[in-house]
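*Asks:* Just passing along the structure, written as structure tokens.
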Amino acid sequence: MTAQQHTHPLYFVGAGPGDPELITVKGRRLLDQADLVIYAGSLVNKALVEDLSCSCFDSAGMDLREIIDMMVQAHRDGKLVVRLHTGDPAIYGAIREQMQELDKQEIPYEVIPGVSSAFASAAALKKELTVPEVTQTVIFTRQAGRTPVPEPESLKNLARAQATMCIFLSVSLIDTVTRELVEGGYMPQTPVAIVEKASWPDQTIVRGTLENIGERIKESGIRKTAMIIVGPALDEASTKASKLYASDFSHEYRSKSL
Ligand code: SAH
């Protein structure tokens, strides 16, 4: 083994939410140059990897040890390795334990961000998640399920902020979600939107309020791969405008028009 074989780090790449055009230019280039790609098959769009001539493995049937061993071996053989994760790897991506293993083995790596499904869902809804004088905060969270959530950040506790929430991994628990949010302080009339498979050809949107979304979701048959977005920022009636473009608001790049 020569030092030259170790020219590239290993790359964790965000695949984006589904639409193969929603990967970064850098992520696409790395996929095209890769010698080995291990992708999270349950949510990554296969269209991103099906034309690649390199070795490609779906991690769905592999455990952490197998994934790490395969990546490390290929890296040591001087190969360019891409670990492809859905959305942005920093959110519910399980990359932490992989990075810790690589640190132990002193394997260099980099992380290339991706478009999270939270943002693809906001785009599908054509909504801004922060609205002046309504909310200036977005919370990424989930309902506790098989993976527990620390009590201080239960949906009920987070609800107190009345912010916009993007709730991952929880659509199958919609009744618990809506109950906790109302108990925590959201009005039952607060708008909710659920986006299933945001940016995929079969994307589906269901809209409602905390009072009726549970029933609508059951009617729609949506069971998984869906984002719940909730909060007064979704309110159609809100006409509050950002000060950024208002004529009486000056900032660093524009002086007030008089
Ligand atoms: N890292 C990913 C999230 C992985 S966790 C990201 O940044 O998007 C998996 C959860 O993400 C799913 O349960 C669902 O809540 C959400 N999700 C992933 N892809 C989605 C999509 N295309 N549309 C809506 N929700 C999606």
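The values are calculated or read from the model by the stated rules, or taken from the named source; none is laboratory data. Treat the numbers as computed from the prediction; the structure is a model and nothing was measured. Don't worry about glycine lacking a Cβ; one is built from the backbone with ideal geometry, like all the others, and counts go over all protein chains shown. Just so you know, the surface numbers come from the protein's heavy atoms only, side chains and all, with ligands and any DNA or RNA stripped out. Shrake-Rupley method; radii C 1.70, N 1.55, O 1.52, S 1.80 Å.
*Asks:* Looking only at residues in the stretch 122-155 that are assigned to a helix (DSSP H, G or I) and among the aliphatic types (A, V, I, L, M), which one is farthest from the chain's Cα centre (by Cα)?
*Replies:* The residue in question is Leu155.
*Asks:* Looking only at the stretch 9-23, count every residue that is open to solvent by less than 10 Å² (accessible area, probe 1.4 Å) and of a type in the set (A, V, I, L, M, F, W, C) and tell me the total.
*Replies:* Matching residues across the stretch 9-23 total 4.
*Asks:* Now for a different question. Could you check how many residues of the stretch 43-56 are free of Cβ contacts under 8 Å to residues at least 24 places away in the same chain and within 22 Å of the chain's Cα centre (by Cα)?
*Replies:* So the count comes out to 1.
*Asks:* Something else: Tally the residues that are closer than 19 Å to Ala94 by Cβ and out of contact with any strand residue (DSSP E or B) (no Cβ under 9 Å at 6 or more places or on another chain), restricting the search to the stretch 136-195.
*Replies:* Result for the stretch 136-195: 6.
*Asks:* Another question, if that's okay. Name the residue that is nearest to Ile112 (Cα to Cα), counting only residues in the stretch 18-54 that are among the polar types (S, T, N, Q) and at pLDDT below 95.
*Replies:* Ser42
*Asks:* Can you tell me how many residues within the stretch 93-121 are within 14 Å of the chain's Cα centre (by Cα), more than 22 Å from Val25 (Cβ to Cβ) and modelled with pLDDT of 95 or more?
*Replies:* 1
*Asks:* While we're on this one: For the stretch 205-227, which residues satisfy the criterion of being in contact (Cβ under 8 Å) with a residue 24 or more places away in the chain and closer than 15 Å to Met165 by Cβ?
*Replies:* Hits for the stretch 205-227 are Leu210, Ile213, Ala226, Met227.
*Asks:* Filter the stretch 206-220 down to the residues that are farther than 14 Å from Glu196 by Cα and surrounded by 16 or more Cβ atoms within 10 Å (Cβ to Cβ) and list them by number.
*Replies:* Residues satisfying the conditions are Gly208, Thr209, Leu210, Gly214.
*Asks:* Given the criteria open to solvent by 60 Å² or more (accessible area, probe 1.4 Å) and either under 25 Å from Thr204 (Cα atoms) or polar (S, T, N, Q) (or both), does Tyr39 qualify?
*Replies:* Taking the combined requirement at face value, the residue does not satisfy it.
*Asks:* Something else now. I'd like to know if the stretch 78-93 contains one or more residues that are touching a Lys or Arg at 6+ places or on another chain (Cβ under 8 Å) and either within 16 Å of the ligand (Cβ to nearest atom) or open to solvent by less than 60 Å² (accessible area, probe 1.4 Å) (or both).
*Replies:* Looking for residues that are touching a Lys or Arg at 6+ places or on another chain (Cβ under 8 Å) and either within 16 Å of the ligand (Cβ to nearest atom) or open to solvent by less than 60 Å² (accessible area, probe 1.4 Å) (or both), one finds at least one in the stretch 78-93, hence yes.
Listed here are the residues, each with its yes/no results for (1) in the same structural domain as Ala163 (by TED's automatic domain parsing); (2) open to solvent by less than 40 Å² (accessible area, probe 1.4 Å).
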position	(1), (2)
Asp103	no, no
Glu106	no, no
Ser121	yes, yes
Leu125	yes, yes
Glu128	yes, no
Val131	yes, yes
Gln136	yes, no
Ile139	yes, yes
